[in-house]
1. Go through the stretch 43-62 and count every residue that is surrounded by fewer than 19 Cβ atoms within 10 Å (Cβ to Cβ) and either acidic (Asp, Glu) or in a loop (DSSP other than H, G, I, E, B) (or both).
2. Take the residues in the stretch 173-207 that are within 24 Å of the chain's Cα centre (by Cα), part of a helix (DSSP H, G or I) and not β-branched (Val, Ile, Thr), then tell me which one is farthest from residue 222 (Cα to Cα).
3. Please verify whether the stretch 121-144 includes one or more residues that are among the β-branched types (Val, Ile, Thr), over 20 Å from residue 48 (Cα atoms) and without any contact (Cβ under 8 Å) to a residue 60 or more places away in the chain.
4. Any residue in the stretch 283-290 that is in contact with a Leu (Cβ under 8 Å, 6 or more places away or on another chain) and either open to solvent by 40 Å² or more (accessible area, probe 1.4 Å) or not in a helix (DSSP H, G or I) (or both)?
5. Which ranges mark the strands (runs of 3 or more DSSP E) fully within the stretch 96-172 that have 2 or more residues being more than 30 Å from residue 229 (Cα to Cα) and modelled with pLDDT of 95 or more?
6. Would you pick out the residues in the stretch 145-167 that are free of Cβ contacts under 8 Å to residues at least 40 places away in the same chain and open to solvent by 50 Å² or more (accessible area, probe 1.4 Å)?
7. Please give the number of the condition residue 72 fails out of (1) open to solvent by 10 Å² or more (accessible area, probe 1.4 Å); (2) polar (S, T, N, Q); (3) not in a loop (DSSP other than H, G, I, E, B).
8. Among the residues of the stretch 193-205, count how many are open to solvent by 30 Å² or more (accessible area, probe 1.4 Å) and within 14 Å of residue 165 (Cβ to Cβ).
Amino acid sequence: MSITKLTAGLAAAALGLSLSACGSDPTDTGGKKSAGDTITVGSAAFPENEIIAEIYAQALEAKGVKVKKKLNIGAREVYIPALKKGEIDLLPEYSGNLLSYLDPKATATSEADIEEALDDALPDNLEVLDAAKAEDKDSLNVTPEFAAKNDLKTIEDLKKVKGLTLGANPEFKERAYGIPGLEKVYGIMDVKFVPIGDGGGPKTLKSLLDGDIDVADIYSTTPSILANKLVTLEDPKNLIAAQQVVPLINDKKASDKVEDILDKVSAQLTTADLLDLNSKNQGDDKTAPDVLAKEWLTSKGLI
């Protein structure tokens, strides 16, 4: 279900991008949630977010909700003001990053703490609905051979490894969830850090597979994790902030019917699903987001 909202100052400017033709005027509802109105579904400008937006849109359409789509909008600086103004009504978000955008001083990292903090940080006309188990966030990965050799299942298990080498973006060396966090939260000391500036991409993967590094920071829904059977280490102490997929919606469109449809989607969407969907969306034979969304919804019995 949705959580309450309080005011938070955000810039109204949409960085020159006009979306006004795409959404309904929120003043037309007279302040009431309107299940019969058209819902304009947006997405950020990257494929995974577009796939999830297609899942939301098609799930709503299948239950008789009128939908328009405005995908690949851009970054939060564009789509958060658009949501507030009713130019778009619904968009997939990631809980921890959304909180950090709304409240840069936030320190919450666990699912429950982030949910509570969002309760205070959200603008008063936006709300998030039920969070999915699916997450897209930094994750620490090792090869299956390295995991087996050192009996690794969690980040804390890395304390057993002597002379540990870790590769990640340069900023990982200073960030709270990076080298300082490994020391403070898990007591993992004397890590040799190798800066690799490709966001957990091909260079990072090659370094891991070649044995140049022992651990790689790779986003948790990156297809290379599946393709190479990497072991993603569990994070029981929430060093890395939760980034659950959540529907972010203008509350005037959050009718009981809409909430019920989207809650059922979230109840079934997992990180493994995102890995699979992203894998199918890449390569020479990539499948389009709308097709992937329909296949996923059909497989889950949601349409």
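The values are calculated or read from the model by the stated rules, or taken from the named source; none is laboratory data. In this text the structure is predicted, and so the values were computed from the model without any measurement. Backbone-built Cβ (ideal geometry, glycine too); neighbour counts: all protein chains shown. We work out accessible area using only protein heavy atoms, side chains counted, and drop any ligands, DNA or RNA first. Shrake-Rupley method; radii C 1.70, N 1.55, O 1.52, S 1.80 Å.
1. The number of residues fulfilling the criteria is 3.
2. 180
3. At the first step, the residues of the stretch 121-144 found to be among the β-branched types (Val, Ile, Thr) are 128, 142-143.
If we keep only those that are over 20 Å from residue 48 (Cα atoms) too, we end up with 142-143.
Keeping just the survivors that are without any contact (Cβ under 8 Å) to a residue 60 or more places away in the chain gives none.
No, every residue in the stretch 121-144 fails to be among the β-branched types (Val, Ile, Thr), over 20 Å from residue 48 (Cα atoms) and without any contact (Cβ under 8 Å) to a residue 60 or more places away in the chain.
4. No, the conditions are met nowhere in the stretch 283-290.
5. Numbers: elements: 126-128, 138-142, 165-168.
Fully inside the stretch 96-172 and qualifying: 126-128.
6. Start the filter on the stretch 145-167 by keeping residues that are free of Cβ contacts under 8 Å to residues at least 40 places away in the same chain, which leaves 145, 148-151, 159-160, 162-163.
Correct list: 145, 148, 149, 151, 159, 160, 162, 163.
7. (3)
8. Within the stretch 193-205, residues that are open to solvent by 30 Å² or more (accessible area, probe 1.4 Å) and within 14 Å of residue 165 (Cβ to Cβ) number 3.
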